[in-house]
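Visitor: Below is the structure I would like to discuss, written out as structure tokens.
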Amino acid sequence: MKLRQKVIFLAITPLILALCAIALAVRHQSVLLAEQQRATIQQAYLSSKEAELKHYVALASHSISHLYESGRDDPATRREAMRILASLSYGDDGYFFLYDMQGNTLMHPRQPELVGQNLYGLRDERGQPTIQNLLQRARAGGGLERYMWVKPSTHKPVAKLGYVVAMPKWGWMMGTGIYLDDVDQALAKIDVQQSGNIHNTMLWIAGIAIAAAVAVGTSGVALNISELRVADAKLKVLAQRVVESQEQERARLSRDLHDGISQWLVSIKLQIEAGIIRLTSPKPEQRQAAQAVFEHAADQLSNVMAEVRRISHNLRPAILDDIGLAAALHHLGQEYTLSSGTPVHFEASGCTDALPDVANTVLFRLAQEALTNIERHAGASRIDIALRGEAHGVTLRIRDDGHGFDADGIALHPQRGIGLRNMMERMDAIGGRFAILSSAGGTVVTAYAANHS
């Protein structure tokens with residue numbers, strides 16, 4: 001996996017993980033809230049039904065109170081009361097029922113086949129004694145009771161909430177009830193709606209996650225393309241600078257060879273030819289003059305050799321291989337002092353011999369470039385060069401007391417600051433650090449190279 005792909009992956013992965021965590025937390029809280037809401041709605045619904053049942057029983061009691069409170073206890077009066085209660089209904093499955101205290105069915109409008117049967121020992125599908133529990137509740141003063149009963153409209157046993165009261169004067173138990181499957185259906189509808197809401201919320205989060213991942217990925221790709229274009233542009237500029245530097249170096253070498261060494265060699269050749277002619281002359285004074293000609297040619301050969309060493313030194317400072325970076329910088333400072341007259345003070349501390357050859361060359365070239373810039377532009381009266389070996393690298397610091405310059409402006413100028421950019425690029429090439437600080441009181445150049453390349 002490439003670095004750019006790793007960066008995009010590391011940017012998208014935490015985002016997806018965070019959104020997944022948010023989705024799980026939202027889902028957990030939504031489910032918990034739905035359960036609480038369902039329990040609240042169920043409680044409120046049942047409470048309203050309980051109050052409704054009490055109201056129905058109160059109405060039924062009131063509808064036969066004129067008979068029950070009349071003091072008459074004959075079969076005709078009881079039949080009339082049963083007729084009135086049987087006529088009272090609400091909805092398809094809302095009715096009143098009557099049992100005596102021994103469990104005999106006295107009235108059941110929706111299931112008349114039960115009338116006359118003794119259901120005292122009846123048990124529902126869960127094994128609970130239905131009629132016994134209702135009678136016990138009635139004897140205790142009346143109240144609510146849950147049990148299973150066959151629903152008339154569906155002919156299937158479902159849960160039912162009943163409310164019963166005792167009528168002790170006649171030995172009756174009167175009651176009514178509601179079937180709870182309607183409540184379960186209403187709650188199931190609520191569950192479906194809540195489940196749909198949770199599902200839609202998850203879809204929204206998933207959509208946001210996908211959109212965010214696409215946005216991050218697209219931004220990363222766009223940034224990579226932009227960075228590639230910038231890098232390509234910088235690479236082209238750098239390649240152009242390399243070519244220009246090579247051409248400049250070739251032109252400088254050509255001038256040095258043509259203007260210096262070539263002319264000297266031609267002069268030496270002519271002098272040797274003249275000396276040979278004088279040696280063959282019969283005149284003694286001509287032979288004596290030939291000696292002076294050869295001596296002058298020998299002096300010029302020494303100059304040619306010195307020039308060749310200078311050119312070779314500029315191409316590759318062999319002194320680095322012979323005596324090391326510290327001694328080479330000290331020698332460079334001495335040569336600068338002799339050529340320019342400006343004193344150079346050199347100081348070395350720590351171990352500076354662990355650098356790779358390429359790092360030694362870069363630091364030496366940087367020092368050469370810095371001294372050249374100081375001589376051309378700074379007008380300094382003193383230069384300090386400090387080389388300090390550290391645990392993991394070497395730091396080179398060059399300080400002068402010249403009049404300084406605008407380092408940022410020069411570095412950005414397209415036609416100026418070539419030497420400064422060369423120093424920066426050399427340090428970047430070996431993974432080092434470069435800094436320059438300039439003011440009216442002087443300039444400090446600092447370069448750091450690590451011991452490993």
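Visitor: Any chance you could count how many residues in region 137-150 are surrounded by 14 or more Cβ atoms within 10 Å (Cβ to Cβ) and in a helix (DSSP H, G or I)?
Guide: Summing the residues that are surrounded by 14 or more Cβ atoms within 10 Å (Cβ to Cβ) and in a helix (DSSP H, G or I) in region 137-150 gives 2.
Visitor: Out of Leu85, Leu19, which single residue is buried (at least 16 other Cβ atoms within 10 Å of the Cβ) and closer than 18 Å to His108 by Cα? Steps first, answer last, please.
Guide: Working: Leu19 fails: closer than 18 Å to His108 by Cα.
Residue meeting the stated conditions: Leu85.
Visitor: What number of residues within region 151-189 satisfy the criterion of being part of a strand (DSSP E or B) and charged (D, E, K, R)?
Guide: To start, the set of residues in region 151-189 that are part of a strand (DSSP E or B) comprises 151, 156-167, 172-179.
Right, trim to charged (D, E, K, R) and you get 151, 156, 160.
Of the residues in that region, 3 qualify.
Visitor: Okay, next question. Kindly establish whether Ile16 is in contact with a Gly (Cβ under 8 Å, 6 or more places away or on another chain), in a helix (DSSP H, G or I) and either β-branched (Val, Ile, Thr) or on the phi > 0 side of the Ramachandran plot (or both).
Guide: no
This table checks each residue for (1) among the aromatic types (Phe, Trp, Tyr); (2) at pLDDT below 70; (3) open to solvent by less than 40 Å² (accessible area, probe 1.4 Å).
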{"residue": "Pro282", "(1), (2), (3)": "no, no, no"}
{"residue": "Glu295", "(1), (2), (3)": "no, no, no"}
{"residue": "His313", "(1), (2), (3)": "no, yes, no"}
{"residue": "Arg316", "(1), (2), (3)": "no, yes, no"}
{"residue": "Ile319", "(1), (2), (3)": "no, yes, yes"}
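Visitor: Something else now. Among the residues of region 335-361, write down those that are touching a strand residue (DSSP E or B) at 6+ places or on another chain (Cβ under 7 Å) and assigned to a helix (DSSP H, G or I).
Guide: Tyr336, Thr337, Ala359
Visitor: Something else: Considering only region 323-330, I want to know if a residue exists there that is at pLDDT below 75 and out of contact with any helix residue (DSSP H, G or I) (no Cβ under 7 Å at 6 or more places or on another chain).
Guide: Here is the first cut: in region 323-330, the residues at pLDDT below 75 are 323.
From the residues that got through so far, the ones that are out of contact with any helix residue (DSSP H, G or I) (no Cβ under 7 Å at 6 or more places or on another chain) too are 323.
There is at least one residue in region 323-330 that is at pLDDT below 75 and out of contact with any helix residue (DSSP H, G or I) (no Cβ under 7 Å at 6 or more places or on another chain).
Visitor: Can you give me the number of residues within region 101-133 that are over 23 Å from Arg79 (Cβ atoms) and assigned to a helix (DSSP H, G or I)?
Guide: Total meeting the criteria: 3.
Visitor: Can you give me the number of residues within region 340-361 that are open to solvent by less than 40 Å² (accessible area, probe 1.4 Å) and either at pLDDT 85 or above or under 29 Å from Arg376 (Cβ atoms) (or both)?
Guide: So the first thing to find is which residues in region 340-361 are open to solvent by less than 40 Å² (accessible area, probe 1.4 Å), and the list is 342, 344, 352, 355-356, 359-361.
Those still in the list that are either at pLDDT 85 or above or under 29 Å from Arg376 (Cβ atoms) (or both) too: 342, 344, 352, 355, 359-361.
Going through region 340-361 one residue at a time, the tally reaches 7.
Visitor: Could I ask something else about it? Can you tell me which residue is most open to solvent (accessible area, probe 1.4 Å) among those in region 88-98 that are touching a strand residue (DSSP E or B) at 6+ places or on another chain (Cβ under 6 Å) and assigned to a loop (DSSP other than H, G, I, E, B)?
Guide: In this case the residue turns out to be Leu88.
Visitor: Among the residues of region 362-387, how many are open to solvent by 70 Å² or more (accessible area, probe 1.4 Å), outside any helix (DSSP H, G or I) and charged (D, E, K, R)?
Guide: 1
Visitor: Determine if region 126-140 includes at least one residue that is at pLDDT below 90 and under 25 Å from Tyr90 (Cα atoms).
Guide: So far as region 126-140 goes, no, none of its residues is at pLDDT below 90 and under 25 Å from Tyr90 (Cα atoms).
Visitor: Hey, another quick one. Scanning region 398-415 for residues that are closer than 19 Å to Gln368 by Cβ and open to solvent by 70 Å² or more (accessible area, probe 1.4 Å), which turns out modelled with the highest pLDDT?
Guide: Per the stated criteria, the residue is Arg399.
Visitor: Give the number of residues within region 44-80 that are surrounded by 14 or more Cβ atoms within 10 Å (Cβ to Cβ) and touching a residue at least 60 places away in the same chain (Cβ under 8 Å).
Guide: The number of residues fulfilling the criteria is 13.
The values are calculated or read from the model by the stated rules, or taken from the named source; none is laboratory data. Here the structure is a predicted model, which means the values were calculated and not measured. Quick reminder, even Gly has a Cβ in these numbers, built from the backbone with ideal geometry, and neighbours come from all protein chains shown. Protein only, heavy atoms only, side chains kept; ligands, DNA and RNA dropped before computing areas. Shrake-Rupley method; radii C 1.70, N 1.55, O 1.52, S 1.80 Å.
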